[in-house]
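A short worksheet on the structure shown next.
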Amino acid sequence: MLGPEFEKTVDAIVAKYPQPKAAILPVLWEVQKAKGYIDLHSEEWVASRLGVAASHVHGCVTFYTMYKQRPSGRHHIQVCTTLSCMLRGSDELVGHLEKKLGIKTGETTPDGKFSLVRVECLGSCGTAPMFQLNDDYHENLTLESVDRLLASLD
Amino acid sequence: MERILTRNIDKPEALTIAGYEGAGGYQALRKAVTSMTPDAVTEEVKKSGLRGRGGAGFPCGLKWSFMPKEVDPKRPHYFLINADESEPGTFKDRLLMEKDPHLVLEGSLIGAFAIRAKAVYIYIRGEFVYGAHVLDRAVAEAYAKGYAGKNILGSSWSCDLIVHRGAGAYICGEETALMSSLEGNRGYPRLKPPFPAASGVWACPTTINNVETVANVPFIIERGADWFQSVGKAPKNTGPKLYCLSGHVKRPGVYEAPLGLPMRELIYELGGGMLSEDRPLKAVIPGGSSVPVLRAEECDVDLDFDSLAAKGTMLGSAGLMVMDTGTCMVAAMARIAHFYHHESCGQCTPCREGCGWLERVLNRIEGGTGKQDDLDLLLSVSNNIIGNTICALGDAAAMPAISFVTKFKDEFKHHIDHKSCLSGTVQLQGVR
């Protein structure tokens, strides 16, 4: 399914743990990196490869919020709206992004370019408000700096 | 004061092992492994008075001493580093991992030596993609230099070092949930006993420490327990501490100071004072969002474990969330409740249902449709969560709820009676 190179990656991960089951989270990260999200076929593949039930893998995929069960936008904007960010204007930031992108939180733009979600505390409270754009943190945001950032993305 | 934990954070050269060694790095590991016994290391840490920096403040050396003195080959020892930093208001471990990764590794390895561990797993929250990358790079360097892997520094002790990424779940910062997650399960907390030292990850003897806790260890080994005792407030609140300051202050950020820093000094001197001159201090949550809130007049307090406990709250993870008079306390508490509802793992009914119930009631008060007996209901739900669950997540929602409702009762009542907000500057925003 994911090719012989992927098999090697999985072997290297499994070798780091006393039990193959412990490799579930890191292997799911690799699946998501390769495919953009984790579908049921991939879950079944991971399950049989690591010797656990497919339902167990599905249980992990649905428990951890960072695993995507469907594709997100090319630029996935995750705005922290927990208390410290709220005190520094994260709700206004979300409102601005919704207006600017023409979507509500939880949605993806029709062209698949942007998706927008609210997330819980990202451990960046001293540089609030902030969001995580795909893997990267963008901190001390202002509405102007957000506009500049969005304009720079293709 | 001399910067201890943060001495390297603005030195980019410390990111490489050569730069870290150049500043005296890995000498403490060398001293421990080549000239001390594991028990002597544990004894020194015990004498230093170092208390866990993750939230509970448990004495670190004492925790290490619970581990078996002999290793049963069928049950190797594991040392887990809790880098799941996810308590709202807390962002200190991230700083250490991103700016001084070898300090974290050196402390982890010394701890692993003390408890005779076969491997260290650093469980880092999934969102810290960059931090995990920095740590991975540092781990590779540590192996190449013989600080990790087989026969470390020529000794008979071998230990692996593995960075393990979480995938988005606050609960995995709870030590037994972290172990469940590391094993490849949902992050469900487990009942204690058995305690991790008896049966932890993979049912083997295990010790779990926070990132900042182990970052203190190289300094204790290098300079001695007596030196550590001279920093902070001996005998029970010793050593340097990283304070996380966020909210309505001019200069939020991480500040290092000896344990026992007066809160007003942190807010008004280090933090530059309140954000707006016309909005004075109203309240502070001193230890991450799960601890009881303090009113402004309660803020003449030193930031250490025992001084804050005497005020009925906790140092916790030292995440100070500062709120000015423009803050609606109902909205603030509703946001906290939303967090715990979202993050409850769902195992225990009082937490799973109770946190959602708190959130719904707080949201209706905030939105102007609260009922007269809602305040009693909030207290009743909270009191039925506390103590009735496997882990402390439910308590972490209930304790702030009780403190907000009792300390800012007039604001909550005003919302119910007048369907408007007493703090004035914040409009009713509705529910999210």
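Just so you know, in region A:13-34 the residues that are in a helix (DSSP H, G or I) and without any contact (Cβ under 8 Å) to a residue 24 or more places away in the chain include one that is surrounded by the fewest Cβ atoms within 10 Å (Cβ to Cβ), and it is A:Lys33. For B:Asp304, the requirement of being out of contact with any helix residue (DSSP H, G or I) (no Cβ under 6 Å at 6 or more places or on another chain), at pLDDT 95 or above, of a type outside the set (Lys, Arg) and farther than 19 Å from B:Thr389 by Cβ is met.
You will find that of B:Ser65, B:Ser108, B:Ser48, B:Ser86, the residue that is surrounded by fewer than 24 Cβ atoms within 10 Å (Cβ to Cβ) and not acidic (Asp, Glu) is B:Ser65 and no other.
Name every residue in region B:72-83 that is buried (at least 24 other Cβ atoms within 10 Å of the Cβ) and more than 14 Å from B:Val163 (Cβ to Cβ), in order of residue number.
Across region B:72-83, the qualifying residue is only B:Tyr78.
Cβ-Cβ contacts under 8 Å between residues 6 or more apart (or on different chains), taken from a first residue in region B:178-201 that is closer than 19 Å to B:Asp84 by Cβ and assigned by TED's automatic domain parsing to the domain that holds B:Ala83 to a second residue that is polar (S, T, N, Q) and assigned to a loop (DSSP other than H, G, I, E, B), are listed as B:Glu183/A:Gln19; B:Gly184/A:Gln19; B:Tyr188/B:Gln347; B:Pro189/B:Gln347.
I'd like to know if region B:221-239 contains one or more residues that are of a type in the set (Phe, Trp, Tyr), over 27 Å from B:Ala392 (Cβ atoms) and crowded, with 19+ Cβ neighbours inside 10 Å.
Yes.
In region A:78-92, the residue that is farthest from the other protein chains (Cβ to nearest Cβ) out of those that are assigned to a helix (DSSP H, G or I) and over 22 Å from B:Gly126 (Cβ atoms) is A:Glu92.
For B:Ile285, the criteria (1) at positive phi; (2) in contact (Cβ under 8 Å) with a residue 60 or more places away in the chain hold in every case but one, which is (1).
Among the listed residues B:Ala203, B:Ala169, B:Ala177, B:Ala148, which satisfies the condition of being surrounded by fewer than 19 Cβ atoms within 10 Å (Cβ to Cβ), within 14 Å of another protein chain (Cβ to nearest Cβ) and either of a type outside the set (Lys, Arg) or more than 23 Å from the chain's Cα centre (by Cα) (or both)?
Of B:Ala203, B:Ala169, B:Ala177, B:Ala148, the one residue that is surrounded by fewer than 19 Cβ atoms within 10 Å (Cβ to Cβ), within 14 Å of another protein chain (Cβ to nearest Cβ) and either of a type outside the set (Lys, Arg) or more than 23 Å from the chain's Cα centre (by Cα) (or both) is B:Ala203.
When B:Lys371, B:Lys419, B:Lys409 are checked against the criterion of being touching a residue at least 24 places away in the same chain (Cβ under 8 Å), surrounded by fewer than 16 Cβ atoms within 10 Å (Cβ to Cβ) and on the phi > 0 side of the Ramachandran plot, a single residue qualifies: B:Lys419.
Once region A:52-77 is narrowed to residues that are part of a helix (DSSP H, G or I) and not polar (S, T, N, Q), the residue that is farthest from the other protein chains (Cβ to nearest Cβ) is A:Ala54.
Among residues that are in a strand (DSSP E or B) and either over 18 Å from B:Ala32 (Cα atoms) or out of contact with any His (no Cβ under 6 Å at 6 or more places or on another chain) (or both), B:Asn185 is not included.
From the list A:Val10, A:Val79, the lone residue that is under 30 Å from B:Asp324 (Cα atoms) and surrounded by 20 or more Cβ atoms within 10 Å (Cβ to Cβ) is A:Val79. Looking across A:Pro129, A:Pro110, one residue alone is in a loop (DSSP other than H, G, I, E, B) and in contact with a helix residue (DSSP H, G or I) (Cβ under 6 Å, 6 or more places away or on another chain). It is A:Pro129.
The values are calculated or read from the model by the stated rules, or taken from the named source; none is laboratory data. Small disclaimer: the values here were computed from a predicted structure and weren't measured. Note that we place each Cβ from the backbone using ideal geometry, even for glycine, and neighbour counts take in every protein chain shown.
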